[in-house]
1. Condition check: among the charged types (D, E, K, R), closer than 27 Å to Tyr37 by Cα and either in contact (Cβ under 8 Å) with a residue 24 or more places away in the chain or surrounded by 17 or more Cβ atoms within 10 Å (Cβ to Cβ) (or both). Does Glu110 satisfy that?
2. Tally up the residues in the stretch 73-83 that are surrounded by fewer than 20 Cβ atoms within 10 Å (Cβ to Cβ), of a type outside the set (D, E, K, R) and at negative phi, please.
3. Which residue, of Lys171, Lys164, is over 29 Å from Leu5 (Cα atoms), in contact (Cβ under 8 Å) with a residue 24 or more places away in the chain and within 16 Å of the ligand (Cβ to nearest atom)?
4. Can you tell me which residues in the stretch 21-40 are closer than 15 Å to Val70 by Cβ and open to solvent by less than 70 Å² (accessible area, probe 1.4 Å)?
5. What are the residue pairs meeting all of these: first residue in the stretch 21-45, first residue of a type in the set (D, E, K, R), second residue in a strand (DSSP E or B), Cβ atoms under 6 Å, and 6 or more apart or on different chains?
6. Among what's in the stretch 129-161 and is acidic (Asp, Glu) and assigned to a loop (DSSP other than H, G, I, E, B), pick the residue that is nearest to the ligand (Cβ to nearest atom).
7. Could you tell me whether any residue of the stretch 168-176 is open to solvent by 50 Å² or more (accessible area, probe 1.4 Å) and within 28 Å of Glu42 (Cβ to Cβ)?
8. Any residue at all in the stretch 90-100 that's in contact (Cβ under 8 Å) with a residue 40 or more places away in the chain and either more than 19 Å from the chain's Cα centre (by Cα) or under 21 Å from Leu12 (Cα atoms) (or both)?
Amino acid sequence: MLKELLKETGALLEGHFLLSSGKHSDGYIQCAKLLMYPDKAEKAIGMIAEKLKDIDFDLVVGPAMGGIIVSYELARQMGKPSIFVEREDGEMTLRRGFDIKPGQKVLITEDVVTTGKSSYEAIKVVEDNGGEVVGIACVVDRSKGDIKYPIFSGAKVDLNIYEKEECPLCKKGEDIIKPGSRKVK
Ligand SMILES: [Zn+2]
C-alpha cells in the first residue's frame, strides 16, 4: 500500500501543522521524502504504472521540480521517453531542445496533485505544441474531483485544512508543528 510507504518514509505526516499559508492542517505531505529512496520510488510509481497498462501514450512530461523524478521513473518502467517543462521568467516552457510533436499523446506527471495548477500549466505547453494530453499521473491525488483530465494516482489522500480560528486541533490544545522545522509552540 502506497500510504504505508508514504508514512514509513515520513512523506505523509499526521498531526497538527502550520502551513506556509497560515492555515492549519491535520496532515502534511512531502513526496520528496519517499522519492529519495530509489527502491521505494520504483515500488510507488509501479503502482501508478499498473493503472496505465491500457492507456496509449508516447511521451511523459513532468513539470519541474515535483514532476521530474516521477516522470523519469514512470517512463523508465513503461519504456517511454520523459521530458520536463520548467519556469522561465515565471512562465512554464519547454527548454533544453525538448520538443513535442503535433498529435503526440502525452501523459503529465506530478508528485502531488492538489489544485492542478502546475499540471494545467504543463498541459498548456503540451497543447500549444499540438500534443494531446491523455491524463495526469501522480503519486498522491489530493484533488477534490474537479480536475478536467483523468487522474491515475498511487493513492488518494484527503487532508483537512482549517482557518486557524476554526481549527479543531487548536481547540483540543494540541501542539502545532511547522513542517521542516521544530515545534513552534
Ligand atoms: Zn490548529
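The values are calculated or read from the model by the stated rules, or taken from the named source; none is laboratory data. These numbers were taken from a predicted model, which means no experiment stands behind them. Neighbour counts run over all protein chains shown; Cβ positions are idealised from the backbone, glycine included. Heads up: the accessible areas ignore ligands, DNA and RNA and are worked out on the full protein's heavy atoms, side chains in. Shrake-Rupley method; radii C 1.70, N 1.55, O 1.52, S 1.80 Å.
1. Working: among the charged types (D, E, K, R): yes; closer than 27 Å to Tyr37 by Cα: yes; either in contact (Cβ under 8 Å) with a residue 24 or more places away in the chain or surrounded by 17 or more Cβ atoms within 10 Å (Cβ to Cβ) (or both): yes.
Yes, satisfied.
2. Matching residues across the stretch 73-83 total 3.
3. Residue meeting the stated conditions: Lys164.
4. Selection gives Ile29, Cys31, Ala32, Leu34, Leu35, Lys40.
5. Lys23/Ile161
6. So, considering only residues that are acidic (Asp, Glu) and assigned to a loop (DSSP other than H, G, I, E, B), the one nearest to the ligand (Cβ to nearest atom) is Asp158.
7. no
8. Yes, the stretch 90-100 contains a residue that is in contact (Cβ under 8 Å) with a residue 40 or more places away in the chain and either more than 19 Å from the chain's Cα centre (by Cα) or under 21 Å from Leu12 (Cα atoms) (or both).
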